[in-house]
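Worksheet: one structure, shown below.
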Amino acid sequence: MTVSSDDLQVSITTKDACVDFPIFDAKSRSLKKTVMGVVGGNIDSGARVPIIEALRGITLQLEHGARVGLVGHNGAGKSTLLRLLAGIYEPTRGTAAIRGRVAPVFDLGVGMDPEISGLDNIMIRGLFLGMTRKQMEQRVDDIADFTELGDFLDMPLRTYSTGMRVRLALGVVTSIDPEILLLDEGIGAVDAAFLEKSRRRLSELVERSGLLVFASHSDEFLRELCDTAIWMEHGQIKQHGAIDDVLRSYKGHAG
Amino acid sequence: MRQVAWSGVATAQRSGRTYGAALDDLRTGWAQRELWAHLGWQDIRQRYRRSVLGPIWISITMAVTAIALGILYAGLFENDLSRQLPNILVGFIIWGFISGCIAEGSEVFIANNGLITHLPAPLSVHVYRLVWRQTLFFAHNLVVYVIMLVVFRQDLHWSSLSAIPAFLLLVVNGLWVALLLGIVTTRFRDMAPIIGSVVQLAFFMTPIVWIYQDFLQSPNPSIAERARLAELNPFLHFVEMLRRPMLGQPQELRYWIVVLVITVVGWALALSTLRRYRARVSYWV
């Protein structure tokens with residue numbers, strides 16, 4: 001396996017990457033031994049400060065064009081893995097090298113300010129996703145069209161319903177040109193007609209992006225967007241392969 | 001054509017506990033000034049949204065406090081109002097900036113935990129945003145200063161322009177203070193209230209409402225003796241360095257020397273902290 005020396009090549013390479021969370025306010029007494037449950041990572045209380053080993057021994061090589069689905073139980077480490085791949089968490093042990101512009105879409109609500117107008121929120125969200133002011137100004141009409149919010153865009157965000165907020169956030173997110181796109185599930189709460197429309201936009205976005213990692217519980221959605229998949233369990237990669245194989249063994253295991 | 005001027009790339013390109021990674025953080029954060037400049041403005045507009053006067057309230061609040069305290073202390077110290085009030089007003093404006101950088105700096109990462117754990121951006125973005133916001137507050141307060149210059153004419157001359165580099169030095173110090181305190185308080189949450197009380201105490205120990213020179217020249221030798229102790233207070237040097245030119249008083253070199261030494265030492269401390277703990281902040285918030 002060779003790492004491309006070409007700097008322009010989009011890729012994510014991790015080697016034996018671990019993510020350990022120190023939990024400063026946990027009473028270490030109540031965590032006397034390492035607890036291993038179905039849900040969550042491993043808790044190691046041997047150290048002075050209890051540590052949650054959220055990810056262990058992650059070795060991955062994702063190149064341009066990769067379309068990877070992430071499956072696993074709640075707390076298996078899907079979201080943490082996405083944050084590792086985004087560069088938000090630098091591995092506590094091991095290495096991670098990320099080449100390319102990362103656009104993480106984990107929580108549609110983050111960075112949204114309820115007191116300012118929808119249009120202002122579009123601008124701020126875009127800037128956070130790495131766009132320039134000019135690029136966002138070019139896209140604002142397209143986003144406004146897509147959201148179907150009309151005059152509401154001039155109203156403060158707090159007057160929006162949950163569904164309207166999701167429309168706005170999805171509109172911005174799907175308008176950008178990411179090199180590495182990291183999607184976390186939970187893009188729900190929209191009506192059926194809008195969902196159909198946003199699906200098309202989402203797939204277009206995925207096609208534009210150089211590299212996709214997508215965490216979801218929906219088989220249908222995963223099969224539509226991804227060709228390979230990673231099965232996470234207890235913070236480790238249990239299986240990494242073609243999407244159908246991984247989904248089959250994951251479902252077989254769960255059932 | 002991919003540019004490195006983006007958060008995800010550069011922070012990830014040089015990672016780990018190196019000075020290179022720490023400097024990258026500061027550099028790529030600076031490159032994102034469109035983002036933090038916008039957010040800084042937004043913070044100010046946001047605070048006064050739905051109020052009729054908006055950000056003018058910043059200036060009004062400052063003016064009211066300074067005038068009231070000016071009258072009070074002019075009476076207490078038996079000073080001329082035309083001398084006491086400008087002193088207090090300018091002192092307040094400068095102290096507002098200093099205490100803002102310290103108090104808000106100690107919560108800069110804790111307050112932004114949502115953004116830090118959801119979007120890969122250099123840590124310095126949050127620091128730049130904070131200091132920029134404080135700078136905007138300062139600018140709003142300058143309106144009151146200008147009005148004061150009309151009412152109580154000060155003896156300004158060319159050397160008063162040294163207020164500009166003095167303020168820039170204050171900004172450079174605000175950056176390391178917010179960076180350092182931000183990282184430390186994210187790990188040790190008890191530090192935030194401690195810093196809060198220290199700042200409050202420092203307000204009284206620093207010549208803001210009282211005039212340092214008056215005490216130095218006090219006929220009572222024990223007061224003059226004790227006033228000299230105030231020189232040990234680093235805040236005195238920051239305040240005097242900027243206040244003297246703003247009131248048309250002659251500069252004194254020693255304030256600049258003390259401030260420059262603090263700047264160098266502070267940045268060295270902040271950089272080594274950033275190098276060691278930059279990658280830990282997202283784990284700690």
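The values are calculated or read from the model by the stated rules, or taken from the named source; none is laboratory data. The structure presented is a predicted model; accordingly, all values stated were derived computationally and were not measured. Cβ atoms come from the backbone with ideal geometry, glycine included; neighbour counts cover every protein chain shown. Protein only, heavy atoms only, side chains kept; ligands, DNA and RNA dropped before computing areas. Shrake-Rupley method; radii C 1.70, N 1.55, O 1.52, S 1.80 Å.
Note the full-extension length gain between B:F203 and B:R83 as 0.36 nm times their separation in residues minus their Cα-Cα distance, in nm to one decimal. If you can, show how the numbers build up before the last one.
Values: separation 120, 0.36 × 120 = 43.20 nm, distance 1.98 nm.
Length gained between B:F203 and B:R83: 41.2 nm.
Hey, could you grab the Kirkwood Rh for the protein assembly as shown? Inverse mean 1/r over distinct alpha carbon pairs, Å, one decimal.
Working: mean 1/r = 0.0384 Å⁻¹.
26.0 Å is the Kirkwood radius here.
Of A:K78/A:K238; A:K134/A:K197; A:K78/A:K251, which ones are farther than 19 Å apart at the Cα?
Values: A:K78/A:K238 12 Å; A:K134/A:K197 26 Å; A:K78/A:K251 17 Å.
Where the Cα-Cα span goes over 19 Å, the pairs concerned are A:K134/A:K197.
Kindly provide the helix-only [θ] at 222 nm of chain B, computed as the sum of -39,500 (n - 2.57) over DSSP H runs of four or more divided by all residues, to the nearest 500 deg cm²/dmol?
Numbers: 15 runs with 215 residues, N = 285.
Result for chain B: -24500 deg cm²/dmol, rounded to the nearest 500.
Work out the charge dipole of region B:18-284 with +1 on the Cβ of Lys and Arg and -1 on the Cβ of Asp and Glu about the Cα centre, then indicate which of B:V150, B:L53, B:H38 is farthest towards its positive end.
B:H38
Whole Å is fine, so just give me how far the alpha carbon centre of region B:20-51 lies from that of region A:154-177.
One Cα centre to the other: 22 Å.
Per residue of B:112-120, what is the mean number of Cβ atoms on other protein chains within 10 angstrom of that residue's Cβ?
6
Calculate the FRET efficiency for B:I164 and B:E225 from the Cβ-Cβ distance with a Förster distance of 35 Å, rounded to the nearest 0.05. Numbers along the way, then the final one.
Details: r = 35 Å, r/R0 = 1.01.
It comes to 0.50.
Can you tell me the Rg and the Dmax, both Å, for the Cα atoms in region B:13-86?
Over region B:13-86's Cα set, Rg and Dmax evaluate to 21.7, 62 Å.
Can you give the FRET efficiency to the nearest 0.05 for B:E252 and A:V49, using r as the Cβ-Cβ distance and R₀ = 45 Å?
On the way: r = 48 Å, r/R0 = 1.08.
Taking R0 as 45 Å, the efficiency between B:E252 and A:V49 is 0.40.
Can you send over the carbon and sulfur percentage of the accessible area for region B:18-284, probe radius 1.4 Å, protein chains only? Display every interim value, and only then the final one.
Values: 8510 of 12230 Å².
With neighbouring chains kept in place, the figure for region B:18-284 is 70 percent.
Stretched out fully, how many nm does the piece from B:Y19 to B:I71 gain, at 0.36 nm a residue minus the Cα gap? Before the final figure, lay out each step's value.
Numbers: separation 52, 0.36 × 52 = 18.72 nm, distance 5.09 nm.
Length gained between B:Y19 and B:I71: 13.6 nm.
About the Cα centre of chain B, what is the dipole size in debye to 20, counting +1 per Lys and Arg Cβ and -1 per Asp and Glu Cβ, all else neutral?
Working: 24 positive and 15 negative charges, 224 e Å.
Taking the Cα centre of chain B as origin, the dipole is about 1080 debye.
Give the accessible area for A:K15 in Å² (nearest 10); use a 1.4 Å probe, count only protein heavy atoms, and leave out ligands, DNA and RNA.
That residue has around 140 Å² of solvent-accessible surface.
Under a 1.4 angstrom probe, counting protein chains only, how are B:W158, B:W57, B:W132 ranked by accessible area, largest first?
Numbers: B:W158 210, B:W57 105, B:W132 80 Å².
My answer, sorted largest first, is B:W158, B:W57, B:W132.
Can you give me the distance in nm between label points at A:N74 and B:R33, each placed 7 Å from the Cα along the Cα-to-Cβ direction?
Output for this residue pair reads 4.6 nm.
Can you tell which of B:P219, B:Y255, A:F152 lies farthest toward the positive end of the dipole of the protein assembly as shown, using +1 and -1 charges on the Cβ of basic and acidic side chains (Lys, Arg; Asp, Glu)?
Toward the positive end, the furthest listed residue is B:P219.
Which parts of region A:122-137, residue by residue, lose 20 Å² or more of accessible area when the rest of the protein chains are there, as against the chain isolated (1.4 Å probe)?
Buried by 20 Å² or more upon assembly, which counts only protein chains, are A:I124, A:L127, A:F128, A:G130, A:R133.
Whose amide H sits under 5 Å from the amide H of A:I230, counting only residues 5 or more places off or on another chain, with H placed in the peptide plane?
The list, which skips near neighbours in sequence, is A:G69, A:L70, A:V71.
All other residues with a Cβ under 11 Å from the Cβ of B:E34 taken together, and with Lys, Arg as +1 and Asp, Glu as -1, what is their net charge? Numbers along the way, then the final one.
Numbers: positive: A:R133, A:K134, B:R33; negative: none.
Combined, the nearby Lys, Arg, Asp and Glu give +3.
Work out, in µm²/s and without decimals, the Stokes-Einstein translational diffusion coefficient of chain B at 10 °C, 1.306 mPa s, Rh from Kirkwood over C-alpha pairs.
On the way: Rh = 20.3 Å.
Roughly 78 µm²/s, to the nearest whole number.
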